[in-house]
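The values are calculated or read from the model by the stated rules, or taken from the named source; none is laboratory data. Since we're looking at a predicted model, the values are computed, not measured. We place every Cβ from the backbone using ideal geometry, glycine too, and count neighbours over all the protein chains shown. Accessible surface is based on the protein model in full, side chains and every heavy atom, while ligands, DNA and RNA are left aside. Shrake-Rupley method; radii C 1.70, N 1.55, O 1.52, S 1.80 Å.
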Amino acid sequence: MNRPSDKRVAASDGHSVNLDQRSTINWPLILILFLAGLLRFYEIGASSLWSDEGNTWALLGRSFGQIARDAAADIHPPGYYWLLKIWTLLFGANAVGMRSLSAVAGIALVWVIYQLSVQLCKEDQRWPVTALLAACLAALNPFQIYYSQEARMYMLLALESAGLFWALLALMHAQQHNSHHPIKPSSRFFVPALFYLVCGIAGLWTHYSFPIVLAAACLAYLWQTIKGQRQKAGRKLLFFVLLNGIGVLAFAPWLPTALDRIRHWPKGGAPVTALAGLQTTLQTLTLGPFHQLAAPPWFLLSGLLPLVGLLALRRQPNVVALALWMLAPVGLMLGLGLFSDAFLKFLLIASPAWCIAVAAVPQILYRRPYPVSRILYPLLCTLLIAGALILAAFTLPTYYTNPTARDNYAGVARYIQATGDATTDLVLLDAPGQQEVWRYYDPGFPSVALPQQRPPNPEQTVAALAAAVQTRRNVYALFWATDEADPAHIVEQWLDQNAFKGLESWQGNLRFAVYRLPTQVTCTGLTAVFDQRIRLLAQCQPQSPQRIAAGEIALIGLQWQALTPIKQRYKVSVQLLDARQQVIAQHDSEPAGGSQPTDSWLPHTTISDNHGLNIPFGTPPGDYTLIAKLYDQANGQPLLIGSAETVPLGQLQVVRPQLAIPVDILPILNWLHTSSNGVMLLGYDLYRKDAAHAPATPIQPGDLVHFTFYWQAPDPLPTDWAQKASFQLKLGQQTLSELLVPNYPLDQWQAGDLLRGEFDLPFDGTDRTPMVEFAGIKVNLKTLPGK
């Protein structure tokens with residue numbers, strides 16, 4: 001009886017290779033790559049382009065030569081833009097087409113991480129598990145997913161960095177097992193050397209931070225060469241120097257420009273302690289741009305995982321290369337104090353090494369006694385995958401559904417188109433870098449960019465701004481990178497003093513504000529005296545009562561006078577109350593937008609103080625009351641008028657808006673998009689009563705908790721709408737049953753109406769997780785903020 005052939009051959013490195021195994025399709029890897037593609041292409045065009053992506057889009061419309069000339073004045077070399085221009089000729093220059101290059105690079109990175117793990121752990125019998133685990137961690141990594149959906153060069157940079165180290169490991173492996181001829185030409189030697197060269201050249205032309213990756217690779221090669229056969233180290237080092245020299249030579253035409261740009265690199269970030277830097281690094285590598293999400297204290301322990309992984313790989317010949325690759329970017333950021341949101345993306349080049357090191361943690365059990373290895377090894381692998389899934393589930397739903405995950409220029413443009421008039425309104429951009437992305441979304445409104453130069457000229461800027469708004473009704477201001485563009489806040493201070501600020505909303509890192517220019521107002525004298533020190537002389541409005549549609553701005557001018565010198569700084573609060581005394585709208589600021597603080601007032605000098613009160617979208621039509629109050633900025637204590645805290649300013653009538661508004665521009669703190677039987681709960685706000693300005697304020701037992709629910713009626717309205725237009729709210733032992741919007745008759749609802757309801761409920765300390773029930777379903781809300 002013949003024995004079946006083993007089909008094993010001896011490889012040149014002395015290890016046997018199963019030919020059948022090599023030809024088998026790696027289905028687990030294919031499934032991981034499919035998952036990576038799904039997560040990177042899902043909703044890839046949903047979030048808005050932000051300013052840097054707008055710059056990318058603008059460059060694509062220029063010639064290759066013009067791209068190079070413009071890049072010479074920028075902080076990035078032109079390589080990525082050249083490649084993307086070719087890519088978009090095939091796939092289009094819209095958001096999806098531009099971002100798809102990064103998505104493909106992100107998928108390719110997962111595959112390269114798998115191959116790197118194979119190369120690094122091939123001496124280990126369990127290398128397939130480690131390699132698949134590393135690929136799985138990379139596929140689920142929120143940091144990599146986020147930048148795989150951005151039309152910038154950072155995912156391509158991470159891919160080139162991983163490719164460089166993959167080629168480096170293959171090159172060192174080839175030299176180690178060809179000791180008689182360490183640089184003898186062969187496919188096993190020539191291919192990785194060529195791939196190293198290609199990745200090195202591409203990385204240099206992609207980003208100015210790539211030299212730190214090259215430096216880590218060179219140190220790793222130097223260490224491995226000296227550690228090995230020293231009698232042949234000279235020839236190996238000479239070859240490696242020549243290889244890198246060729247790469248530098250290929251970058252030589254751009255080298256003078258690169259050195260000049262690096263010398264003039266914009267300043268940012270701040271020095272941090274080692275512990276703070278470590279925490280930010282860990283949160284960024286695991287959570288990506290969502291590192292601001294609250295992480296438990298034990299989260300710092302996750303920093304031990306890559307260290308344990310490196311310890312588990314200590315017997316592998318090239319583990320030093322992995323350590324240098326992972327630590328070099330972190331060391332650079334710590335040394336230069338680059339820990340700010342603008343620079344944390346540089347950590348992306350360390351992300352592949354991070355994934356590999358964490359995936360190697362179970363190898364710490366390798367060669368342990370049989371029961372320990374057999375039981376704990378799969379358990380540890382399962383825990384790592386479960387942890388990656390939990391982190392992805394914790395961050396990705398918010399990313400995919402949050403319109404402000406990036407600076408929401410698209411939502412701002414839709415807001416302006418829905419509420420503005422191109423013949424009477426103006427868009428104001430306070431940073432030149434916004435002009436390109438605004439051109440991408442421009443709904444056809446006139447716009448002006450001010451200040452026009454850096455540093456700004458105050459007189460020229462004020463004159464240009466006054467001329468630009470002279471015949472305008474509303475100014476839509478987009479404030480971005482204000483500390484660099486207008487550090488003295490020349491534009492904003494002029495608007496605060498000469499216009500009425502209404503809506504102000506953070507759309508990512510973009511601050512969007514709407515100003516109403518003054519119209520003819522009528523002033524009414526008042527006699528309110530606060531704390532016997534400050535008199536409210538008059539209040540001014542265009543008419544009484546004002547008729548304002550939800551989404552528009554009510555104008556309230558106040559005139560103050562100090563009776564004695566004031567040492568404290570007080571804030572003014574103008575509020576709109578409904579019939580239940582719920583605060584519907586509120587505008588708090590120091591007088592004149594902060595330009596006339598109370599501690600600077602001279603006695604008996606009249607101070608004009610304009611307030612634009614933005615009537616929130618969804619405010620039910622009806623009659624409301626205007627009030628004003630003064631309170632201490634330091635402790636929140638109100639100043640009294642006799643025994644009262646507020647002074648009435650008259651009535652205001654809210655009317656139904658004429659046009660429907662885009663849902664995604666609503667300033668909702670917590671989005672849900674939950675529907676049942678046609679009733680949609682878009683989202684909600686939750687904070688301690690009177691802490692709308694600081695929603696994260698801890699809530700203690702006995703505090704009132706304020707809830708704002710945003711509802712959208714079905715279209716068409718069902719016949720049983722009256723039974724569906726109510727809900728129940730539970731918090732601990734407290735229960736509230738109400739109409740979706742109190743004091744708003746059911747027969748006034750219209751199909752598709754978007755309305756908000758305001759409610760208060762005391763917190764009894766028994767359960768910090770509220771629950772709302774409507775239309776037959778129950779929804780748990782976020783846990784109340786605590787200490």
Which members of region 696-727 meet the condition of being farther than 20 Å from residue 618 by Cα and either buried (at least 17 other Cβ atoms within 10 Å of the Cβ) or in contact (Cβ under 8 Å) with a residue 24 or more places away in the chain (or both)?
-> 696, 697, 698, 699, 700, 701, 702, 703, 704, 705, 718
Only one of these is open to solvent by less than 80 Å² (accessible area, probe 1.4 Å), of a type in the set (A, V, I, L, M) and modelled with pLDDT under 85: 301, 293, 324. Name it.
-> 293
Strands (runs of 3 or more DSSP E) fully within region 604-685 counting 2 or more residues that are over 30 Å from residue 47 (Cα atoms) and either open to solvent by 20 Å² or more (accessible area, probe 1.4 Å) or at pLDDT 90 or above (or both) | 606-614, 622-632, 647-655
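Here is a yes/no grid of residues against (1) out of contact with any helix residue (DSSP H, G or I) (no Cβ under 8 Å at 6 or more places or on another chain); (2) over 23 Å from residue 421 (Cα atoms):
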| position | (1), (2) |
| --- | --- |
| 487 | yes, yes |
| 495 | no, no |
| 502 | yes, no |
| 509 | yes, yes |
| 546 | yes, no |
Has region 669-685 got any residue that is in contact with an Asp or Glu (Cβ under 6 Å, 6 or more places away or on another chain), in contact (Cβ under 8 Å) with a residue 12 or more places away in the chain and of a type in the set (A, V, I, L, M, F, W, C)?
-> yes
Give region 572-582 a look and list any residue that's buried (at least 18 other Cβ atoms within 10 Å of the Cβ) and of a type outside the set (S, T, N, Q), or say none.
-> 572, 574, 576, 577, 578
Are any residues in region 482-518 assigned to a strand (DSSP E or B) and under 17 Å from residue 464 (Cβ atoms), and if so, which ones?
-> 515
Selection count, region 520-538, where residues are outside any strand (DSSP E or B), free of Cβ contacts under 8 Å to residues at least 40 places away in the same chain and open to solvent by 60 Å² or more (accessible area, probe 1.4 Å) = 2
Failed item, numbered, when residue 410 is tested on (1) crowded, with 22+ Cβ neighbours inside 10 Å; (2) among the small types (Gly, Ala, Ser); (3) within 30 Å of residue 162 (Cα to Cα) = (3)
What is the one condition in (1) open to solvent by 60 Å² or more (accessible area, probe 1.4 Å); (2) modelled with pLDDT of 90 or more; (3) assigned to a strand (DSSP E or B) that residue 476 does not satisfy?
-> (1)
Please enumerate the residues belonging to region 387-402 that are among the small types (Gly, Ala, Ser) and open to solvent by less than 20 Å² (accessible area, probe 1.4 Å).
-> 388, 392
Can we say residue 485 is in contact with a Phe, Trp or Tyr (Cβ under 6 Å, 6 or more places away or on another chain), open to solvent by less than 30 Å² (accessible area, probe 1.4 Å) and either of a type in the set (Gly, Ala, Ser) or farther than 26 Å from residue 607 by Cβ (or both)?
-> no
The lone condition residue 267 fails out of (1) open to solvent by less than 40 Å² (accessible area, probe 1.4 Å); (2) modelled with pLDDT under 85 is (1)
Within region 306-319, track down each residue that is in a helix (DSSP H, G or I) and either touching a His at 6+ places or on another chain (Cβ under 8 Å) or crowded, with 19+ Cβ neighbours inside 10 Å (or both).
-> 306, 309, 310, 312, 319
